Amino acid sequence: MTSVLPGFWFGVIAVLWAGFFLLEGFDFGVGVLLPWVGGDETGRKVALRAIGPVWDGNEVWLLVAGGATFAAFPSWYASMFAGLYIPLALILAGLIVRGISIEYRSKVATASGRAWCDRGMFIGSLLPALLFGVAFADLIRGLDMNAEHQVTGGFFALVSPFGVLGGLVSLGFFSFHGAVFLTLRTEGPVRERAHRAARLLAVPVVVAAAGFLVWSFELRGGAVSVAMSALMAVALIISVLLDRRGREGWSFASSAVVAVAFPVFVFASLWPDVIPARNHGPWSLTVHNASSSHYTLVVMTVVALIFTPIVVVYQAWAYWVFRARVSEGSVNPMARLPRPAVSAGEAYQVTSPPDLAAIAKDVPVPGERGD
Amino acid sequence: MRAELPQPLTGATWVTPEWLVASVSGDVMSPDTLARWQFASTTIYHFIIVPVSIGLALLVATMQTLAYRKRGSDGGAVWDRVARFWGKLMLISFAIGVVTGIVQEFQFGMNWSAYSRFVGDIFGAPLAMEGLIAFFLESTFLGLWIFGRDLLSARAHLACIWLAAIGSAISAYFILAANSWMQHPVGYRIDPATGLPQMTNIWRVLFQSTQLVTFSHTLFAAMLTGGAMLLSVSVWHLRKEGAQVDVAHRQVAKMALGVVVIAALGVSFVGHVQGQVMTKQQPMKMAAAEALWNTKSEAGFSLFAYADVSKGHNKIDLSIPDGLSILATDHPGGTVQGINQVQAAERAAYGPGDYVPNVGLAYWCFRLMIGFGVLAGLIGAVLIVQWRRGRLLSSDRLLRVAAWTVVLPLLANTAGWLFTETARQPWLVYGLLKTSAGVSSNVSNTMVAFSLFGFVALYGILGVIAARLFIRTARQGIDRSIDIDPGDATSGDGGLGVSDGVLSLAP
């Protein structure tokens, strides 16, 4: 089949991973750095509050990447997730623990409960941040497969020096990305500690990333992947330099370029394979032998072209609504934003004198508005 | 008119303690055994939570709509307190549904890669659409709703909860469309080159009869579950606090009774239609549900059967004359196919093999699903009558029973899900692919066991935490304060937090 659609969908899935690395990347970073950058209870709340309203929407990029792979490249979906079974199970466990930790942290009653949530947030962010790098490095390196494109190597085939380096690069970069995000999105001690974390992480991340990129050329790669890796290296260094100058917005923008370029680099290195067979080239799973039928790809293309722009618009709007920096102290983090004439919170307040019988047993709440 | 419970068909079709021991010791361990346990565990758990979330999301959106319409008045303020309290409970449930849903997206590829390869051309499409159309909507607007109370206008904030609730319902639609295709594959052809099914008509895949009845049935079930949850918690407060109870709990109880009765009627009616669709499309499933071994006209609906398995006949059997025929065909004299006849027909069509599912499991799950669902509706109806007669609060025993109502739809949902999935066996995709052929052949039993026990342990711990949190929050009851202080930033927490100056008022 000479259709361009399989290639197009390879690109769509790269874009979905790019969205995931860009957005959930800093969520992972915030989770990994939480114990240090957060510091005390208030600081931790500030750091988590910066991602609180958006993290779940960010994670959906991963789910859609998975679903799109299933729909457009069933064999890729089947081979990749069965082949990377143990790392994926650990990633899923991490994401579960992390999601529950962040959502229940404000609901548990005790300090020890919150401490458990912080541990869950840390380990649940660390595992995926590390293992996604390992998994992508393994894909670049190739996996042992049989003629039916089933991955044959066991778990330990996945633990190679190159894979481990890939994992450290993704963990280090997501942490850096999260630190830069916090410098942009918070105020006060958390912002300062995030600057310090970004500075500490900068050199190791740049060195590890450079080593990883050079090593990956030895394995495979073409002009696009070389260009992407050059872009990543330059953007990462620019992000580090801008962070030192206190240009938080531009530093985050550069870091975002790295986050987007990373999956694009991986995909460009793989092309036209989706999983290269390390043991026998012709057994590789490629964009063409893994793809769905033309009809399915057409259906999915129409759906993606209609709904992706809508999703991007409302998700961007959500970021716009929560654009104010989060701070500690008594000032409402949102206080400086122009509010609606009557916010939802205010609209439901009783304008007529309250029915005293209904609230007779009410315990006075500090700061309650009487009017 | 006798429905006979079957003998165990093979060693692996009955879940008994002996069988479990044999499984673990490896005597009957076929490659798909553990993978089936893994999928069943994670999916049943997910499906305990999801109807609660979907039902509560739609009900919270309704509550907030009532608050919006009467905003500024006392009545509106009460509904606002109601919506915030139930929003808190909804979020506790939603969190579990969201994180266990992540596993669902990937475990087809992990444990069922042969299946994924086989059906991906069709099955993957609704899954991808679910993510793109439903998950984004649900998660983004839920975040806006939780944290946006002081940043959005009342109208925009109301729109957020509706979009999140609708997103969760759309998500159910797509995943059930995918499941319906496994029950009744349509809109495809077999590619002569590869032997794999290829999608030819997405509209048939998304809007086939199986899907329309399944989705309606599930949505009504979710409303019944959500309504029963409202009922249980409100009645618990009514019983405990008596005449002193917050008027808000009373309002919720009233709303819940309406929802429970209407949803119970809806789920029964749609279930009846679904039964007829199923009888046509999956005759074996209906036969197994009734343990009807041989084709019968004027077949009775068996209420209770107790079999002497060693002698192969029922010691006790109670049945409603002609009940099954009416259920399946709308006519008292209608003919319902029996297991032996369907087995012969499927053998002729698909070759030698055993096409009979676990009849005992199907028979009892079918009964428990119907029984628990009907019972929940009856409790609702009795409470309405007692309320009208002004005797609700005086009957402590009735309130005590009613406080447990929510357990019924939860059990009914699980039984229904078990029934529809196990009575499809041995098929994974009816008529196209057997379950044993769908498993990942390159994933070892050790690896599946690792993830099975890992997820069961993790889900178990999370279940305990979530249940305790839910019960504690539910018992605290609706905040009596009508105001919140938006000026306190330290209450702004990182989570999808309730102590965010948004939902919580605790000093």
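If only one of B:Val267, B:Val252 is part of a helix (DSSP H, G or I) and either open to solvent by less than 10 Å² (accessible area, probe 1.4 Å) or over 17 Å from B:Val406 (Cβ atoms) (or both), which one is it? Please lay out each step first, then the result.
Values: B:Val267 fails: either open to solvent by less than 10 Å² (accessible area, probe 1.4 Å) or over 17 Å from B:Val406 (Cβ atoms) (or both).
Criteria check complete, one pass: B:Val252.
Yes or no: the stretch B:105-126 includes at least one residue that is free of Cβ contacts under 8 Å to residues at least 40 places away in the same chain, under 18 Å from the mean Cα position of the chain (by Cα) and more than 9 Å from chain A (Cβ to nearest Cβ).
no
Among the residues of the stretch A:90-108, write down those that are assigned to a helix (DSSP H, G or I), crowded, with 24+ Cβ neighbours inside 10 Å and small (Gly, Ala, Ser).
The answer is A:Gly99, A:Ser101.
Go through the stretch A:52-74 and give me each residue that's free of Cβ contacts under 8 Å to residues at least 60 places away in the same chain and facing chain B (nearest Cβ under 7 Å).
Taking the stretch A:52-74 as the starting set, the residues that turn out to be free of Cβ contacts under 8 Å to residues at least 60 places away in the same chain are A:52, A:55-56, A:58-67, A:69-70.
Listed by number, the residues that qualify are A:Gly52, A:Asp56, A:Val60, A:Leu63, A:Val64, A:Gly66, A:Gly67, A:Phe70.
Collect the residues in the stretch B:368-404 that are open to solvent by less than 20 Å² (accessible area, probe 1.4 Å) and either over 21 Å from B:Met223 (Cβ atoms) or touching a strand residue (DSSP E or B) at 6+ places or on another chain (Cβ under 6 Å) (or both), keeping them in residue-number order.
The answer is B:Leu392, B:Leu399.
Does B:Ala95 qualify as being at pLDDT 95 or above, open to solvent by less than 10 Å² (accessible area, probe 1.4 Å) and out of contact with any Pro (no Cβ under 6 Å at 6 or more places or on another chain)?
Values: at pLDDT 95 or above: no; open to solvent by less than 10 Å² (accessible area, probe 1.4 Å): yes; out of contact with any Pro (no Cβ under 6 Å at 6 or more places or on another chain): yes.
For B:Ala95, the condition - at pLDDT 95 or above, open to solvent by less than 10 Å² (accessible area, probe 1.4 Å) and out of contact with any Pro (no Cβ under 6 Å at 6 or more places or on another chain) - is not met.
Considering the stretch B:121-157 alone, what residues qualify as being among the hydrophobic types (A, V, I, L, M, F, W, C) and within 16 Å of B:Arg84 (Cβ to Cβ)?
So the first thing to find is which residues in the stretch B:121-157 are among the hydrophobic types (A, V, I, L, M, F, W, C), and the list is B:122-123, B:125, B:127-129, B:132-137, B:141-142, B:144-147, B:151-152, B:154, B:156.
Scanning the stretch B:121-157 gives B:Leu142, B:Leu144, B:Trp145, B:Ile146, B:Phe147, B:Leu152, B:Ala154.
Return the residues of the stretch A:261-282 that are within 14 Å of chain B (Cβ to nearest Cβ) and closer than 30 Å to B:Thr200 by Cβ; say none if nothing qualifies.
Hits for the stretch A:261-282 are A:Val274, A:Ile275.
Here is a yes/no grid of residues against (1) more than 23 Å from the chain's Cα centre (by Cα); (2) open to solvent by less than 10 Å² (accessible area, probe 1.4 Å); (3) modelled with pLDDT of 90 or more; (4) within 15 Å of A:Gly25 (Cβ to Cβ):
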{"position": "A:Pro128", "(1), (2), (3), (4)": "no, yes, yes, yes"}
{"position": "A:Leu201", "(1), (2), (3), (4)": "no, no, yes, yes"}
{"position": "A:Gly221", "(1), (2), (3), (4)": "yes, no, no, no"}
{"position": "A:Ser229", "(1), (2), (3), (4)": "no, yes, no, no"}
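Of the residues A:Ser75, A:Ser79, A:Ser3, which single one is of a type outside the set (Lys, Arg) and not in a helix (DSSP H, G or I)?
After applying the criteria, what remains is A:Ser3.
Exactly one condition in (1) closer than 30 Å to B:Met182 by Cβ; (2) more than 18 Å from the chain's Cα centre (by Cα); (3) more than 7 Å from every other protein chain (Cβ to nearest Cβ) is false for B:Thr43; which is it?
(2)
Can you tell me which condition B:Leu137 does not meet? The list is (1) within 7 Å of chain A (Cβ to nearest Cβ); (2) in contact with a Leu (Cβ under 8 Å, 6 or more places away or on another chain), and all the others hold.
It fails just one condition, (1).
Would you be able to say whether some residue in the stretch B:181-202 is under 30 Å from B:Arg117 (Cβ atoms), more than 23 Å from the chain's Cα centre (by Cα) and assigned to a helix (DSSP H, G or I)? Let's see the steps before the verdict.
Here is the first cut: in the stretch B:181-202, the ones under 30 Å from B:Arg117 (Cβ atoms) are B:181-202.
Subset that is more than 23 Å from the chain's Cα centre (by Cα): B:186-202.
Still in the list and also assigned to a helix (DSSP H, G or I): B:202.
Scanning the stretch B:181-202 turns up at least one residue that is under 30 Å from B:Arg117 (Cβ atoms), more than 23 Å from the chain's Cα centre (by Cα) and assigned to a helix (DSSP H, G or I).
Quick one: in the stretch B:439-453, which of the residues that are surrounded by 16 or more Cβ atoms within 10 Å (Cβ to Cβ) and within 8 Å of chain A (Cβ to nearest Cβ) is farthest from B:Tyr45 (Cα to Cα)? So that I can check it myself, show each step before the final result.
Initial filter on the stretch B:439-453 (surrounded by 16 or more Cβ atoms within 10 Å (Cβ to Cβ)): B:439-440, B:442-443, B:447-448, B:450-452.
When the remaining residues are screened for being within 8 Å of chain A (Cβ to nearest Cβ), the result is B:440, B:442-443, B:447, B:450-451.
On the way: B:Ser440: 22, B:Asn442: 26, B:Val443: 23, B:Met447: 21, B:Phe450: 18, B:Ser451: 15 Å.
In this case the residue turns out to be B:Asn442.
Looking at the stretch A:39-51 only, could you name the residues that are open to solvent by less than 10 Å² (accessible area, probe 1.4 Å) and more than 9 Å from every other protein chain (Cβ to nearest Cβ)?
First, the residues of the stretch A:39-51 that are open to solvent by less than 10 Å² (accessible area, probe 1.4 Å): A:43, A:46-48, A:50-51.
Scanning the stretch A:39-51 gives a single hit, A:Gly43.
In the stretch B:147-185, what count of residues is obtained for those that are of a type outside the set (Gly, Ala, Ser), open to solvent by less than 10 Å² (accessible area, probe 1.4 Å) and within 19 Å of B:Glu421 (Cα to Cα)?
The number of residues fulfilling the criteria is 2.
Residues of the stretch A:309-327 being without any contact (Cβ under 8 Å) to a residue 60 or more places away in the chain and in a loop (DSSP other than H, G, I, E, B), which ones?
Once the filter is applied, which keeps residues that are without any contact (Cβ under 8 Å) to a residue 60 or more places away in the chain and in a loop (DSSP other than H, G, I, E, B), the stretch A:309-327 yields A:Arg323, A:Ala324.
Do we find that B:Ser436 is within 14 Å of another protein chain (Cβ to nearest Cβ) and either among the small types (Gly, Ala, Ser) or under 18 Å from B:Ala288 (Cα atoms) (or both) in this structure?
Details: within 14 Å of another protein chain (Cβ to nearest Cβ): no; either among the small types (Gly, Ala, Ser) or under 18 Å from B:Ala288 (Cα atoms) (or both): yes.
No.
Using the structure shown, decide if A:Ile91 is in contact with a Phe, Trp or Tyr (Cβ under 8 Å, 6 or more places away or on another chain) and more than 7 Å from chain B (Cβ to nearest Cβ). Give the derivation first.
Details: in contact with a Phe, Trp or Tyr (Cβ under 8 Å, 6 or more places away or on another chain): yes; more than 7 Å from chain B (Cβ to nearest Cβ): yes.
Yes, satisfied.
Name the residues in the stretch A:314-327 that are over 15 Å from A:Phe181 (Cβ atoms) and more than 7 Å from chain B (Cβ to nearest Cβ), would you?
If we filter the stretch A:314-327 for residues that are over 15 Å from A:Phe181 (Cβ atoms), which is where we start, we get A:314-318, A:320-321, A:327.
Once the filter is applied, which keeps residues that are over 15 Å from A:Phe181 (Cβ atoms) and more than 7 Å from chain B (Cβ to nearest Cβ), the stretch A:314-327 yields A:Ala316, A:Trp317, A:Trp320.
Within the stretch A:117-126, restricting attention to residues that are open to solvent by 10 Å² or more (accessible area, probe 1.4 Å) and more than 9 Å from chain B (Cβ to nearest Cβ), which residue is nearest to B:Ile146 (Cα to Cα)?
Of the residues in the stretch A:117-126, the ones open to solvent by 10 Å² or more (accessible area, probe 1.4 Å) are A:117-119, A:122-123, A:126.
Subsequent filtering for residues that are more than 9 Å from chain B (Cβ to nearest Cβ) retains A:118-119, A:122-123, A:126.
Numbers: A:Asp118: 21, A:Arg119: 24, A:Phe122: 23, A:Ile123: 25, A:Leu126: 26 Å.
Result: A:Asp118.
Tell me yes or no: at least one residue of the stretch B:112-134 is under 27 Å from B:Lys70 (Cα atoms) and open to solvent by 10 Å² or more (accessible area, probe 1.4 Å).
Let us first name the residues in the stretch B:112-134 that are under 27 Å from B:Lys70 (Cα atoms), namely none.
No, there is no match, as no residue in the stretch B:112-134 is under 27 Å from B:Lys70 (Cα atoms) and open to solvent by 10 Å² or more (accessible area, probe 1.4 Å).
Only one of B:Gln251, B:Gln282, B:Gln244, B:Gln198 is touching a Ser or Thr at 6+ places or on another chain (Cβ under 7 Å) and farther than 22 Å from B:Leu410 by Cβ. Can you tell me which?
On the way: B:Gln251 fails: touching a Ser or Thr at 6+ places or on another chain (Cβ under 7 Å); B:Gln282 fails: touching a Ser or Thr at 6+ places or on another chain (Cβ under 7 Å); B:Gln244 fails: touching a Ser or Thr at 6+ places or on another chain (Cβ under 7 Å).
Answer to the check: B:Gln198.
Give the number of residues within the stretch B:98-111 that are surrounded by fewer than 24 Cβ atoms within 10 Å (Cβ to Cβ) and farther than 30 Å from B:Asn201 by Cα.
Number of matching residues: 0.
Just checking, which of A:Tyr77, A:Tyr85 is hydroxyl-bearing (Ser, Thr, Tyr), free of Cβ contacts under 8 Å to residues at least 60 places away in the same chain, open to solvent by less than 20 Å² (accessible area, probe 1.4 Å) and at the interface with chain B (Cβ under 7 Å from one of its Cβ atoms)? Even if it seems obvious, please write down each step before you answer.
Details: A:Tyr85 fails: free of Cβ contacts under 8 Å to residues at least 60 places away in the same chain.
It is A:Tyr77.
Quick one: which residue in B:Thr100, B:Thr62 is polar (S, T, N, Q), more than 9 Å from chain A (Cβ to nearest Cβ) and within 26 Å of B:Gly226 (Cβ to Cβ)? Steps first, answer last, please.
On the way: B:Thr100 fails: more than 9 Å from chain A (Cβ to nearest Cβ).
On inspection, the qualifying residue turns out to be B:Thr62.
Of the residues B:Leu393, B:Leu410, B:Leu428, B:Leu399, only one is in contact (Cβ under 8 Å) with a residue 24 or more places away in the chain and part of a strand (DSSP E or B); which?
After ruling out the rest, the residue left standing is B:Leu428.
The values are calculated or read from the model by the stated rules, or taken from the named source; none is laboratory data. Computed from a predicted model, the values in this text were never measured in an experiment. Note that we place each Cβ from the backbone using ideal geometry, even for glycine, and neighbour counts take in every protein chain shown. Surface areas here come from the heavy atoms of the whole protein model, side chains and all, with no ligands, DNA or RNA. Shrake-Rupley method; radii C 1.70, N 1.55, O 1.52, S 1.80 Å.
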